[in-house]
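The structure appears below as structure tokens.
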């Protein structure tokens, strides 16, 4: 049986515009050309979950929520299922 990759998922973790740019470049999104704007936008969000493989950002979920635990929990479960 293949071992599942082990990622660390954080609700709050320091990240750089370069981290975001590298992630968005992988999927070919044009917003990768504006890393400072990406960071500024995400810094204003109430809840952002990020998946890290060591020091590399490998995924994120940007939520619109009312900060209730149940909604945050569902985002964590969804992010876990992706990876």
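Tell me, 34, 15 in order of fewest to most beta-carbon neighbours within 10 Å?
Ranking 34, 15 by Cβ neighbours within 10 Å, fewest first, gives 34, 15.
Just subtract the alpha-carbon distance of residue 56 and residue 27 from 0.36 nm times their residue separation and send over the number in nm, one decimal.
So the extension gain works out to 8.9 nm.
For 43, 19, which order do you get if you count the other beta carbons within 10 Å of each Cβ and list the fewest first?
43, 19
Ranked by Cβ crowding within 10 angstrom, fewest neighbours first, how are 56, 44 ordered?
Listed from fewest to most nearby Cβ atoms, that is 44, 56.
Read-outs throughout are calculated quantities, based only on the coordinates presented, and are distinct from any laboratory measurement. Everything quoted here is computed from the prediction, not taken from an experiment. Methodologically, a virtual Cβ is constructed for each residue, glycine included, from the backbone with ideal geometry; neighbour enumeration extends over all protein chains shown.
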